[in-house]
Amino acid sequence: MVKHFLTILVLVLVLGCIRENKDTQPRPNILFIMSDDHAYQAISAYDQKLINTPNIDKIAEGGAIFDNACVTNSICAPSRATILTGKHSHINGKIDNSSPFDTAQITFPQLFKKAGYQTAMYGKLHFGNNPKGVDDFMILPGQGHYVNPDFITPRGDTTITGYVTDIITDLTLEWLKKKRDKEKPFLMMYLHKAPHRPWWPSPEKFREFSKKKFPLPETLFDDYKDRGLAAKSAEMNLLLDLRYGHDSKIRPEILESMIPIDPYVEPYNWGGSDGFSTSYVRFNKEQKALYDPVIDSINVWFKDNWSSLSMQEKMEWKYQRYMQDYLGTISSVDDNLGRVLDYLEKSGLDKNTIVVYTSDQGFFLGEHGWFDKRFIYDESFKTPLLVKWPEKIAPGIRISKMVQNLDFAQTFLDAADINQPADMQGKSLMPLLLGQGKNWNREAVYYHYYEYPSVHMVKRHYGIVTEDYKLAHFYYDIDEWELFDRLADPMEMKNVYYDSSYNEIVIKLKTQLGELREMYKDSRELDLYYINKNLNN
Ligand code: SGN
Ligand code: CA
């Protein structure tokens with residue numbers, strides 16, 4: 001009996017030691033930073049021609065940068081649903097911004113919480129539901145506001161005075177400093193509204209950036225000649241679809257005094273007076289005093305010069321105004337991120353914290369004459385992805401494999417040594433990050449966009465993207481295919497689907513696309529199901 005007892009005691013002690021060994025390696029913290037609509041062209045670690053983002057770049061310098069990260073469905077809420085569930089839109093059901101999300105589904109923060117992590121979410125979720133699996137949250141309702149934003153919290157709704165990017169950062173820092181349970185690892189989701197439309201920079205950045213001029217993209221005056229109907233009929237052209245008030249910050253009284261503003265442009269992007277006022281009405285007296293001088297100088301110039309501009313000059317003016325505001329909001333994101341990175345370093349938390357910077361999708365910055373996203377074309381399909389973990393990831397690595405936001409959930413679960421549910425559809429990126437990616441292969445990724453008919457009128461399409469080609473099928477009210485030769489035509493100006501020299505490639509890609517649809521459990525039946533669901537709503 002005593003002998004037995006001793007044997008069991010020894011066993012318990014040995015097992016205890018083994019377990020302790022594992023536990024002596026503390027699980028990593030995860031700081032997931034996501035901006036809304038942040039194009040990789042507007043991060044200097046990717047591209048230096050538009051803006052300097054020294055703090056975002058620090059993540060790449062201290063860790064890894066992905067050159068071919070992309071999304072599964074380039075639009076806000078669906079991207080967030082894919083990130084949270086690790087599943088494609090047709091499986092998680094959040095196919096567009098307005099479709100409901102079944103909250104019975106497992107999201108990765110729930111798994112972290114269950115595994116003993118302290119979890120929190122601050123900023124823009126844009127999901128239609130409050131987050132599950134977080135110990136604390138403060139989220140913007142819907143799209144949220146740039147100035148004096150409202151927040152939904154577990155303790156009720158509140159409004160905070162100030163600029164949204166600064167406020168979300170203050171909340172995050174306060175949590176890290178005062179609310180963090182030092183006994184537990186944490187998962188913090190720090191989610192910016194910027195640089196989403198209508199692109200209101202802070203007053204300081206507005207002043208600074210409104211004086212800048214930016215290089216024009218090569219394809220700003222694209223006429224979509226060699227592409228199909230979807231590109232031709234999309235409503236996201238800077239000249240035709242940006243609104244004077246809402247986007248370019250022209251005051252309603254100036255617009256009204258100038259009617260008709262432009263017989264060609266005006267019917268489309270007049271947008272009423274409200275677009276400007278819905279934002280401006282939120283500013284308090286002090287804030288108006290800071291914004292007004294800049295708004296006034298833009299308005300005076302517009303009133304004096306607009307009618308004498310050629311169409312080309314109008315396009316260029318709209319592009320510059322767009323870039324000034326869009327990039328101004330990003331500069332605040334970068335400054336604020338600097339504050340968070342500084343705190344992590346000063347507190348020593350940085351060493352075992354995985355810092356991830358990404359966006360919910362890419363964005364057109366005047367390429368093809370466009371703003372917004374949605375298309376399978378590179379600027380909207382690709383997304384920034386930078387990851388730092390000083391104890392594990394070698395500094396300064398560039399990863400060229402094709403990865404997707406579909407992979408995020410499993411990557412984080414893998415890093416934290418938490419089981420990955422078998423029905424998640426991505427693949428952990430940890431081997432790539434740890435330099436053990438020799439056998440990590442992916443020949444092609446699958447994409448499916450649904451939100452049509454809707455704002456910007458980008459037609460429904462699904463497709464396959466390999467390193468060399470991109471094949472997309474536009475459907476619903478058309479039946480058109482597009483093929484791009486990514487190496488010969490990186491700007492995606494020419495659809496070569498009907499060029500007979502690509503016949504064999506088309507056949508091969510269609511087979512691969514069919515296999516991908518089968519593998520991810522998408523189908524013609526599901527396409528029709530979602531079309532009918534949309535028609536019935
Ligand atoms: C709003 C914007 C659109 C944008 C969608 C979706 N218009 O409708 O330009 O495409 O959000 O954006 S605005 O008049 O409200 O500025 S998403 O990031 O939420 O998907
Ligand atoms: Ca977005």
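The HN-Hα couplings worked out from phi for the stretch 294-305 by the Karplus form 6.51 cos²θ - 1.76 cosθ + 1.60 (θ = phi - 60°) are 6, 4, 4, 5, 5, 5, 4, 4, 4, 4, 6, 10 Hz, whole numbers, x standing for Gly and Pro. Restricting the calculation to Cα atoms, the stretch 203-324 yields a radius of gyration followed by a Dmax of 15.3, 51 Å. With only the Cα atoms considered, the stretch 38-85 has a convex hull volume of 99 Å³ per residue.
Remark: for residue pairs Lys401/Lys438; Lys49/Lys438; Lys459/Lys494; Lys58/Lys392; Lys49/Lys211, the C-alpha separation exceeds 21 Å in Lys49/Lys438. Sequentially through the stretch 164-174, phi angles give Karplus couplings (6.51, -1.76, 1.60; θ = phi - 60°) of 3, 5, 5, 5, 4, 5, 4, 4, 5, 5, 4 Hz, Gly and Pro residues having no value and appearing as x. What angle, in degrees between 0 and 90 and rounded to the nearest 10, separates the Cα long axis of helix 76-85 from the longest principal axis of the Cα atoms of the chain? Between helix and principal axis, roughly 10 degrees. Cα extents for the chain along the principal axes, largest to smallest and rounded to whole angstrom: 100, 63, 46.
Determine the percent antiparallel among the DSSP beta bridges restricted to the chain, to the nearest 5. Here the antiparallel bridges make up roughly 55 percent for the chain.
Using the 1.4 Å probe convention, the accessible area of the stretch 45-89 works out to 23 Å² per residue with neighbouring protein chains retained. For the stretch 427-534, compute the orientation-averaged projected area of the C-alpha convex hull (one quarter of its surface), in nm². Convex hull of Cα atoms, orientation-averaged projection: 8.9 nm². Directionally averaged projected area (the stretch 492-531, Cα convex hull): 4.0 nm². Relative protection proxy for 183-191, 499-507, 526-534, 28-36, from highest mean packing down: 28-36, 183-191, 526-534, 499-507 (other beta-carbon atoms within 10 angstrom). The equivalent ellipsoid of the stretch 165-219 has semi-axes of 35, 14, 9 Å, largest first, where each one is the square root of 5 times an eigenvalue of the Cα gyration tensor. Computed over the alpha carbons of the stretch 121-205, Rg followed by Dmax gives 13.0, 41 Å. Our summary gives the stretch 136-289 a relative contact order of 17 percent, counting only alpha carbon pairs under 8 angstrom and 6 or more residues apart.
Taking every alpha-carbon pair under 8 Å whose residues sit at least 6 apart, the chain reaches a relative contact order of 23 percent. Sorted from longest to shortest, the spans of the Cα atoms of the stretch 338-471 along the three principal axes equal 49, 36, 27 Å. Summarise the accessible area of the chain (1.4 Å probe, protein heavy atoms) by the percent that is carbon and sulfur. Heavy-atom surface of the chain belonging to carbon and sulfur, 1.4 Å probe: 53 percent.
The values are calculated or read from the model by the stated rules, or taken from the named source; none is laboratory data. Nothing here was measured: the structure is a model prediction, and the numbers come from that model. Don't worry about glycine lacking a Cβ; one is built from the backbone with ideal geometry, like all the others, and counts go over all protein chains shown. Surface areas here come from the heavy atoms of the whole protein model, side chains and all, with no ligands, DNA or RNA. Shrake-Rupley method; radii C 1.70, N 1.55, O 1.52, S 1.80 Å.
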